[in-house]
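Engineer: Dropping a structure here in structure tokens format, bear with me for questions.
The values are calculated or read from the model by the stated rules, or taken from the named source; none is laboratory data. This structure is a prediction, so every number in the text was calculated from the model and none was measured. No Cβ is skipped: glycine too gets one built from the backbone with ideal geometry, and neighbour counts run over all protein chains shown.
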């Protein structure tokens, strides 16, 4: 975020390019944040769960939501901050959103200015268009909610390390019954264990694809034996194929 304090700022920005893996945390009191990578992918951990953000997707994080940003490989992050008092019509929950070409250009314009100031008419108009775009953005199903029960946490950790393992085998290794784990996951995450595993595999695939992996490589990394079943899962979850999902024209 710009280090200079701007009186009457309508939008503030933070732009940085990371050349190696790192972890950052940039909360700003009184400001909501839109986390976005123009290149590469980001992983954002909050108390509500985990998000994988490839390019063309962003995460809206309201004030007071604790979050940590992990950069697994080289990436360019372009975040914008809006004061809570001017963003009351925007969501008060964390959510992933699709970044349209227009929103991308708005973000880059804000970054180029460093901050949008209320005393400048052109800045006021740009900020108004930005808020309007954020208000109407469709959400993207990229969240992986974390379970809280220790038995569920154990199997979640195992599945993250070995997404190809069968659920009965994973449950046995964790010393809990599959039906018990299903009940716990419904209570803790609002998802069935099978749905949670599919979302996990989707996130692993998104991270691999964003890093430049082929569809076959992403399929293997996310626990699938071949690309056919993987592409079918991806289409069900995201409504399109991996190739189209990572194309700006698909947004």
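Engineer: Being closer than 25 Å to residue 39 by Cβ and part of a loop (DSSP other than H, G, I, E, B) narrows it down to one of 175, 212, 223, so name that one.
Structural biologist: On the way: 175 fails: closer than 25 Å to residue 39 by Cβ; 223 fails: closer than 25 Å to residue 39 by Cβ.
Selected residue: 212, the only one of 175, 212, 223 that is closer than 25 Å to residue 39 by Cβ and part of a loop (DSSP other than H, G, I, E, B).
Engineer: May I pose another question? Is it true that some residue in the stretch 32-42 is modelled with pLDDT of 90 or more and either surrounded by fewer than 17 Cβ atoms within 10 Å (Cβ to Cβ) or over 15 Å from residue 135 (Cα atoms) (or both)?
Structural biologist: There is at least one residue in the stretch 32-42 that is modelled with pLDDT of 90 or more and either surrounded by fewer than 17 Cβ atoms within 10 Å (Cβ to Cβ) or over 15 Å from residue 135 (Cα atoms) (or both).
Engineer: State all residues of the stretch 188-198 that are farther than 25 Å from residue 231 by Cβ and either surrounded by fewer than 21 Cβ atoms within 10 Å (Cβ to Cβ) or out of contact with any helix residue (DSSP H, G or I) (no Cβ under 7 Å at 6 or more places or on another chain) (or both); if no residue qualifies, say none.
Structural biologist: Those that are farther than 25 Å from residue 231 by Cβ and either surrounded by fewer than 21 Cβ atoms within 10 Å (Cβ to Cβ) or out of contact with any helix residue (DSSP H, G or I) (no Cβ under 7 Å at 6 or more places or on another chain) (or both): 188, 190.
Quick grid of which residues meet (1) under 28 Å from residue 73 (Cβ atoms); (2) in contact with a helix residue (DSSP H, G or I) (Cβ under 7 Å, 6 or more places away or on another chain); (3) touching a residue at least 60 places away in the same chain (Cβ under 8 Å):
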{"residue": "161", "(1), (2), (3)": "yes, no, no"}
{"residue": "169", "(1), (2), (3)": "no, no, no"}
{"residue": "176", "(1), (2), (3)": "no, yes, no"}
{"residue": "186", "(1), (2), (3)": "no, no, no"}
{"residue": "200", "(1), (2), (3)": "yes, yes, no"}
{"residue": "205", "(1), (2), (3)": "yes, yes, no"}
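Engineer: If you don't mind, another one. Does residue 207 meet the test of being out of contact with any strand residue (DSSP E or B) (no Cβ under 6 Å at 6 or more places or on another chain), under 27 Å from residue 69 (Cα atoms) and assigned to a helix (DSSP H, G or I)?
Structural biologist: When the stated conditions are applied, residue 207 does not pass them.
Engineer: Could you tell me whether residue 133 is closer than 30 Å to residue 236 by Cα, out of contact with any strand residue (DSSP E or B) (no Cβ under 6 Å at 6 or more places or on another chain), touching a residue at least 12 places away in the same chain (Cβ under 8 Å) and surrounded by 12 or more Cβ atoms within 10 Å (Cβ to Cβ)?
Structural biologist: Taking the combined requirement at face value, the residue satisfies it.
Engineer: Could you name every one of the strands (runs of 3 or more DSSP E) located completely within the stretch 1-108 that has at least 1 residues being within 23 Å of residue 201 (Cβ to Cβ) and touching a strand residue (DSSP E or B) at 6+ places or on another chain (Cβ under 9 Å)?
Structural biologist: Hits in the stretch 1-108: 31-39, 41-46, 49-54, 57-61, 67-71, 75-83, 95-98.
Engineer: So the check is Cβ under 6 Å with 6+ separation or different chains; which pairs have a first residue in the stretch 96-113 that's in the same structural domain as residue 62 (by TED's automatic domain parsing) and a second one that's assigned to a helix (DSSP H, G or I) and buried (at least 19 other Cβ atoms within 10 Å of the Cβ)?
Structural biologist: 106/130
Engineer: Quick check, is residue 236 assigned to a helix (DSSP H, G or I), modelled with pLDDT of 90 or more and either under 30 Å from residue 104 (Cβ atoms) or in the same structural domain as residue 51 (by TED's automatic domain parsing) (or both)?
Structural biologist: Criteria not met by residue 236.
Engineer: Considering only residues of the stretch 133-152 that are within 21 Å of the chain's Cα centre (by Cα) and part of a helix (DSSP H, G or I), which is farthest from residue 194 (Cα to Cα)? First the steps, then the outcome.
Structural biologist: Quick first cut of the stretch 133-152, residues within 21 Å of the chain's Cα centre (by Cα) only: 133-148.
Still in the running and part of a helix (DSSP H, G or I): 133-135.
Values: 133: 35, 134: 32, 135: 32 Å.
For the stretch 133-152, the residue satisfying everything is 133.
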